[in-house]
Every structure is written in C-alpha cells, then in structure tokens.
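All remarks here apply to the structure that follows.
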Amino acid sequence: MRQISVIGLDLAKNVFQIHAIDKQGKLVSNRQLKRSEMIGYFSNLPSCLIGMEACGGAHYWQRKLSEFGHVVKIMAASFVKPYVKSNKNDHNDAEAICEAVQRPSMRFVSPKTPDQQSVLHLHRGRQLLVQQRVALVNHIRSILLEYGIAIAVGDKALQREFPWILEDAENELPMLTRQMLSELWEEQKQLRERALQLKSQLQGWHKQNQSSQNLETIPGVGLLTATALAATVKDCRDFKNGRQLAAYLGLVPRQSSSGGKQVLLGISKRGDGYLRTLLIHGARTVIRHVRRRLSAGQAGGNLWVEKLLKRCHPNEVAVALANKMARIAWAMLSRNETYRISLASV
C-alpha cells in the first residue's frame with residue numbers, strides 16, 4: 001500500500017471525511033470515519049500533512065493529531081472554497097482541503113492553546129450575557145411605553161426610575177403586568193451579576209499575564225481589549241508586521257483595483273469582529289477625551305488625532321486610530337514592553 005503524504009480532513013460532529021494522497025498526488029484513501037475511530041486511525045498512521053478548515057473543534061483536533069507526530073494546519077473556509085469542484089459534499093470538501101493545504105501561498109490559522117480558548121470563551125460568554133440583558137431591558141422599556149411611561153435613555157436612568165414605577169399605584173400598569181415586569185427585572189439583574197462575575201475572572205487572568213498588563217497601558221485599551229488581544233495574539237511571529245495584524249482584524253481598506261487603477265473602499269471587516277469592535281470603541285473613547293479637552297481650550301493630548309479630526313469625520317478617525325492601536329499592540333507584544341509615547345508619534 002502506498003504511503004499517505006497529505007490528508008484533507010473534513011470535520012463534522014460525528015462523521016468525518018478524509019481524502020488521502022501519496023507524494024505523487026495519487027489517491028490512496030477516500031473514506032468516512034466515525035468520531036470513535038479518529039484516534040485509532042491517526043495514531044497508527046505515519047507522520048503526514050493534515051489540512052482542515054477552521055470550524056468548531058478544529059483547534060481540539062489540531063492539538064490531538066499533532067500529538068501523533070502529524071503536521072496539522074488550519075485554513076479559513078473562504079480560502080478553501082475556490083478549490084471545491086462541482087457540487088458541495090463531504091467528499092468534494094475533503095478533496096478541496098487536501099488541495100488547498102499544499103499551496104505554497106496559503107494562509108493558515110494559528111492554533112490556539114486551551115488557555116487562549118478559555119479566555120476567549122469568557123469574552124464570548126460575557127458578550128452573550130450582555131446581549132441578553134440589553135434585549136431584556138429594551139423589552140421592559142417597550143412594555144412601559146405601551147402604558148404611557150417613558151424612561152430617559154441610559155442604564156442609570158432605568159435603574160433609578162424603574163423601582164419607583166413598580167411601586168407607583170397611580171400609574172396605569174395592571175397587576176399582571178407589574179408582576180411580569182418584576183420577574184423580568186430580577187432576570188436582568190441576575191444577567192448583570194453573571195456578566196460581572198465573568199469580568200472579574202478576566203481581571204484575575206489579566207493580573208497574571210504580563211502581556212495583557214502591558215497592552216492595558218495603551219490609551220484606549222482597557223481590560224477587555226487587553227485580555228482579548230493577549231489571548232488572540234499568542235505569538236507575534238504569526239504576523240510579519242503590525243499592518244498584518246490590523247488586516248487580520250479587518251481594519252484596512254478593502255480594494256477593488258484593476259488595470260493598474262487603485263480603488264480603495266471602506267474597511268474590509270474581515271477577521272475577528274469582536275476584537276475589531278473593542279478597538280474601535282476604545283478609539284472612540286480617546287477621541288471623545290481629545291474633543292472634550294479641545295472644547296475646554298486645552299491641549300488635546302494627542303496631536304495625531306487632533307490633525308485627523310480637522311479633516312476627517314470622527315468615525316473615520318476612530319477606525320484610523322483603531323488601526324494604529326493594533327499596530328502599536330503588535331510592536332509591544334513583539335518587544336515585550338509597555339507603551340511609550342514615542343511609539344505613537346510615528
């Protein structure tokens with residue numbers, strides 16, 4: 001039997017498809033494996049190159065199969081799709097993965113350690129709780145509007161006025177509605193407490209991670225952004241320079257160029273949307289601080305931002321500053337140092 005050189009592995013929940021070829025590119029095996037058969041099959045296989053798409057469980061299988069001496073590489077599904085022949089099915093997907101993983105110019109996803117994944121899962125869990133609470137609060141506000149009760153914008157106003165609204169016997173709220181609103185109010189309080197608990201766990205991890213603490217010294221980068229960046233960018237060698245990190249986060253212009261004519265559009269919005277959002281929100285905080293100081297007749301504290309605000313819309317400045325923050329973060333992580341003003345003066 002010919003020795004397997006490259007395998008395209010199409011991941012799934014219970015049934016996995018493999019497409020294996022030898023050094024000459026000829027098909028050796030094309031079969032399905034059940035989850036219970038995966039370990040036994042790959043543990044008895046000579047070392048080879050294995051490609052898979054970035055999806056649920058990809059990092060787990062990358063770690064597991066690497067223990068058997070295999071070289072496992074993960075690719076974005078959008079990079080594999082052009083290699084799919086004819087219709088989409090498990091067989092064609094595995095064949096496309098096998099073809100894509102051999103391309104010299106292919107870009108691969110950096111494998112994440114369990115520690116990285118645990119921190120990022122804390123972020124996702126907290127984000128989910130916050131979204132649920134926002135939806136619940138908006139639902140409470142909409143119910144109150146049905147009875148002619150409007151509360152000012154902002155969480156502080158709601159926290160201050162809602163208890164009085166429930167106790168006010170003169171408003172038009174029926175008893176059934178009061179009981180239901182009371183239960184919804186307790187539910188949103190529990191969601192808030194659980195989100196704060198997850199944030200405190202992130203704070204504990206942050207205190208033990210030097211890279212995260214260094215990143216927090218960047219203006220506009222707080223606890224959430226610092227921990228998310230430190231957990232996402234474990235090895236700066238995955239990115240050649242700071243621009244590549246900014247491109248990975250979707251903070252660079254999208255191109256539509258042809259015939260030597262360069263056409264730059266809005267940002268690409270590729271990559272990690274959650275981290276991109278955190279950086280842009282942090283940049284908005286810096287811009288708000290600069291504009292407040294300028295309106296008070298004081299120096300803004302960031303000459304680069306001041307110059308941009310004179311000729312660009314604040315939203316454009318926020319994206320530009322987020323891009324710069326990503327580049328600064330890459331420089332700091334690669335040099336293992338804290339923020340210096342000279343880094344931002346370029």
Kindly provide the set of residues from the range 233-247 that are closer than 30 Å to residue 200 by Cβ and either over 19 Å from the mean Cα position of the chain (by Cα) or assigned to a loop (DSSP other than H, G, I, E, B) (or both), ordered by number.
-> 233, 234, 235
With the checklist (1) touching a His at 6+ places or on another chain (Cβ under 8 Å); (2) closer than 16 Å to residue 109 by Cα in hand, flag the one item residue 27 doesn't pass.
-> (2)
Just wondering, is there one or more residues in the range 248-268 that are basic (Lys, Arg) and either part of a helix (DSSP H, G or I) or in contact with a helix residue (DSSP H, G or I) (Cβ under 9 Å, 6 or more places away or on another chain) (or both)?
-> no
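Given the criteria in the same structural domain as residue 219 (by TED's automatic domain parsing), over 29 Å from the mean Cα position of the chain (by Cα) and at pLDDT 90 or above, does residue 288 qualify? Break it down stepwise before answering.
On the way: in the same structural domain as residue 219 (by TED's automatic domain parsing): yes; over 29 Å from the mean Cα position of the chain (by Cα): no; at pLDDT 90 or above: yes.
Taking the combined requirement at face value, the residue does not satisfy it.
Considering only helices (runs of 4 or more DSSP H) fully contained in the range 65-147, which possess at least 2 residues that are of a type in the set (Gly, Ala, Ser) and in the same structural domain as residue 196 (by TED's automatic domain parsing)? Let's see the steps before the verdict.
Details: elements: 77-80, 90-100, 114-146.
Per the criteria, 114-146.
Yes/no per residue for (1) polar (S, T, N, Q); (2) outside any helix (DSSP H, G or I); (3) under 19 Å from residue 323 (Cα atoms):
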| site | (1), (2), (3) |
| --- | --- |
| 200 | yes, no, no |
| 206 | no, no, no |
| 214 | yes, no, yes |
| 218 | no, yes, yes |
| 228 | no, no, yes |
| 231 | no, no, yes |
Given the conditions (1) more than 18 Å from residue 212 (Cα to Cα); (2) free of Cβ contacts under 8 Å to residues at least 12 places away in the same chain, which single one is not true for residue 121?
-> (1)
Sort out which residues of the range 244-267 are of a type in the set (A, V, I, L, M, F, W, C) and under 16 Å from residue 329 (Cα atoms), and write them in order of number.
-> 245, 246, 247, 249, 251, 252
Which residue, of 194, 178, is more than 20 Å from the chain's Cα centre (by Cα), surrounded by 14 or more Cβ atoms within 10 Å (Cβ to Cβ), among the basic types (Lys, Arg) and modelled with pLDDT of 95 or more?
-> 194
Would it be correct to say that residue 130 is over 19 Å from residue 17 (Cα atoms), of a type in the set (Val, Ile, Thr) and either at pLDDT 95 or above or loosely packed, with under 13 Cβ neighbours inside 10 Å (or both)?
-> yes
Give the residue, chosen from 146, 167, 187, 183, that is among the acidic types (Asp, Glu), more than 18 Å from residue 272 (Cβ to Cβ) and either in contact with a His (Cβ under 6 Å, 6 or more places away or on another chain) or surrounded by 11 or more Cβ atoms within 10 Å (Cβ to Cβ) (or both).
-> 187
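Any residue in the range 79-90 that is surrounded by 15 or more Cβ atoms within 10 Å (Cβ to Cβ) and in contact (Cβ under 8 Å) with a residue 40 or more places away in the chain? Give the steps one after another, and end with the answer.
We begin by selecting, within the range 79-90, every residue surrounded by 15 or more Cβ atoms within 10 Å (Cβ to Cβ); these are 79-80, 83-84, 90.
Subsequent filtering for residues that are in contact (Cβ under 8 Å) with a residue 40 or more places away in the chain retains 90.
There is at least one residue in the range 79-90 that is surrounded by 15 or more Cβ atoms within 10 Å (Cβ to Cβ) and in contact (Cβ under 8 Å) with a residue 40 or more places away in the chain.
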Before we move on, is residue 32 surrounded by 14 or more Cβ atoms within 10 Å (Cβ to Cβ), over 24 Å from residue 105 (Cβ atoms), more than 28 Å from the chain's Cα centre (by Cα) and not basic (Lys, Arg)?
-> yes
Inter-residue pairs, beta-carbon under 9 Å, first assigned by TED's automatic domain parsing to the domain that holds residue 148 and in the range 166-179, second surrounded by 10 or more Cβ atoms within 10 Å (Cβ to Cβ) and among the charged types (D, E, K, R), 6+ apart = 166/178; 177/146
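Given the criterion modelled with pLDDT of 95 or more, under 27 Å from the mean Cα position of the chain (by Cα), under 19 Å from residue 101 (Cα atoms) and not hydroxyl-bearing (Ser, Thr, Tyr), identify the matching residue among 51, 56. Lay out the reasoning, then the answer.
Details: 56 fails: modelled with pLDDT of 95 or more.
After applying the criteria, what remains is 51.
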Could you check how many residues of the range 1-29 are more than 31 Å from the chain's Cα centre (by Cα), surrounded by 12 or more Cβ atoms within 10 Å (Cβ to Cβ) and either assigned to a strand (DSSP E or B) or of a type in the set (Gly, Ala, Ser) (or both)?
-> 6
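The values are calculated or read from the model by the stated rules, or taken from the named source; none is laboratory data. As the structure is a prediction and not an experimental result, all values here were calculated from the model. All Cβ positions, even for glycine, are placed from backbone atoms using ideal geometry, and neighbour counts span all protein chains on display.
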